[in-house]
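Peer 1: Could you have a look at this structure, given as structure tokens, before my questions?
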Amino acid sequence: MSGDERARGGGARGPAPAPAPLPFGTARDALAWAVAALRDGVSESPRLDAEVLLRHLLDWDRAQLFARLNDPLPEAAASGYRPLIARRVAGEPVAYLVGEREFMGLSFVVGPGVLVPRPETEDLVEWLVARIRAESRWHGGPRIVDVGTGSGAIALSLASLLPAARVVGVDLSPLALRYARENRARLNLDRRVGLVRGDLLAPIGAADVIAANLPYLRPDQLHTGIADEPAEALFAGQDGLDLYRALLPQAARLLHSPGILVAEIDPSQTVAMRDLCRAAFPTSTVQVQRDLAGFDRFVSVVH
Ligand SMILES: C[S@@+](CC[C@H](N)C(=O)[O-])C[C@H]1O[C@@H](n2cnc3c(N)ncnc32)[C@H](O)[C@@H]1O
């Protein structure tokens with residue numbers, strides 16, 4: 001029997017074959033299969049990934065999933081789950097597969113071509129919001145620049161938390177800026193946040209606050225967990241500091257006093273980055289701030 005004949009079924013020549021069994025009976029079966037597929041180095045959080053991807057297909061929240069773990073799985077979800085897990089096994093980030101990531105309680109659209117916002121960066125935003133709220137001299141709100149804005153995660157969450165601030169996000173990547181514009185529209189921040197294409201601070205005249213989460217990895221820090229994200233959002237020369245080396249002298253020319261600069265780093269860069277900041281801002285207070293996990297995560301310059 002040819003493949004075509006098999007696809008058409010038995011017709012008049014005999015009883016129709018039984019429909020192929022669904023790949024999974026219940027949500028519990030599907031999760032158990034996916035966790036096994038994602039274990040062994042594919043994912044650092046196999047259970048969470050399996051659950052988020054299944055809930056995405058089902059459009060269920062966690063409570064619904066747990067209430068219906070033993071019910072028969074709807075057919076569309078049962079057949080869609082296997083290819084989705086295969087893409088995760090091949091290294092695609094969960095956020096790309098579901099098309100969004102939560103950051104500072106807001107939903108950001110993400111996908112190939114833009115960095116997935118990380119929880120460590122939320123610590124930078126929280127620290128900055130507290131400092132800005134404590135500064136009384138910025139009548140009418142500070143002018144904030146988010147350099148290397150990517151999806152707009154920092155710029156848009158600052159604008160939403162600081163209603164008086166004027167915010168501009170800059171990025172070199174037209175694709176990243178497309179995601180940032182979509183996120184700006186979804187968050188209703190079109191009137192409050194500017195998004196411009198440019199190299200570091202070249203498009204900017206002056207600022208009270210500069211937030212930077214620029215690429216800072218070294219080439220040897222590439223691993224499978226980040227291989228699908230754009231290299232131009234991750235790497236910055238042999239020691240990972242090329243972009244900050246270029247940024248800091250520009251920032252020193254543009255930053256008002258009072259002014260604040262924050263820049264996310266890798267914990268291994270603490271000393272080198274502190275030295276770069278002190279060289280660019282010799283009379284300012286330079287400090288290293290830790291993330292919630294206790295790692296040195298960003299440098300602050302209070303100017
Ligand atoms: C680590 S990602 C950060 C994205 C976002 N700020 C976040 O925290 O999720 C760095 C971003 O910097 C951008 N970038 C790289 N080089 C740049 C440059 N010379 N000028 C402006 N942006 C740059 C990349 O395109 C990328 O979107």
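Peer 1: Name the helices (runs of 4 or more DSSP H) wholly within segment 87-165 that hold at least 1 residues that are within 13 Å of the ligand (Cβ to nearest atom), open to solvent by less than 60 Å² (accessible area, probe 1.4 Å) and outside the structural domain of residue 258 (by TED's automatic domain parsing)?
Peer 2: Ranges flagged: 94-98.
Peer 1: Being farther than 30 Å from residue 53 by Cβ and either more than 13 Å from the ligand (Cβ to nearest atom) or open to solvent by 30 Å² or more (accessible area, probe 1.4 Å) (or both), is that true of even one residue in segment 166-177?
Peer 2: Looking for residues that are farther than 30 Å from residue 53 by Cβ and either more than 13 Å from the ligand (Cβ to nearest atom) or open to solvent by 30 Å² or more (accessible area, probe 1.4 Å) (or both), one finds at least one in segment 166-177, hence yes.
Peer 1: Related question: Checking residue 213 against (1) in contact with a helix residue (DSSP H, G or I) (Cβ under 6 Å, 6 or more places away or on another chain); (2) open to solvent by 30 Å² or more (accessible area, probe 1.4 Å); (3) modelled with pLDDT under 95, only one condition comes out false. Which one?
Peer 2: (3)
Peer 1: Here are the criteria: (1) within 16 Å of the ligand (Cβ to nearest atom); (2) not in a helix (DSSP H, G or I). Tell me which single one residue 70 does not satisfy.
Peer 2: (1)
Peer 1: Somewhere in segment 175-187, is a residue in contact (Cβ under 8 Å) with a residue 40 or more places away in the chain, in a loop (DSSP other than H, G, I, E, B) and small (Gly, Ala, Ser)?
Peer 2: No, that holds for no residue.
Peer 1: Tell me yes or no: at least one residue of segment 232-241 is farther than 11 Å from residue 145 by Cα, within 11 Å of the ligand (Cβ to nearest atom) and assigned to a helix (DSSP H, G or I).
Peer 2: yes
Peer 1: For a quick check of your reading of the model, give me the residue pairs whose first member lies in segment 40-55 and is free of Cβ contacts under 8 Å to residues at least 40 places away in the same chain, whose second is assigned to a loop (DSSP other than H, G, I, E, B), with beta-carbon atoms closer than 6 Å and at least 6 apart or on different chains.
Peer 2: Listed pairs, sorted by first residue: 46/39.
Peer 1: Next question, about the same structure. Test of understanding: among 268, 257, which residue is away from the ligand (no atom under 14 Å from the Cβ), open to solvent by 60 Å² or more (accessible area, probe 1.4 Å) and part of a helix (DSSP H, G or I)?
Peer 2: That would be 268, the only listed residue that is away from the ligand (no atom under 14 Å from the Cβ), open to solvent by 60 Å² or more (accessible area, probe 1.4 Å) and part of a helix (DSSP H, G or I).
The values are calculated or read from the model by the stated rules, or taken from the named source; none is laboratory data. Everything numeric here is computed off the predicted structure, so don't read it as measured data. Positions of Cβ are backbone-derived with ideal geometry, glycine not excepted, and every protein chain shown enters the neighbour counts. Ligands, DNA and RNA are stripped out before the accessible areas are found, and what is left, the full protein with its side chains, is counted by its heavy atoms. Shrake-Rupley method; radii C 1.70, N 1.55, O 1.52, S 1.80 Å.
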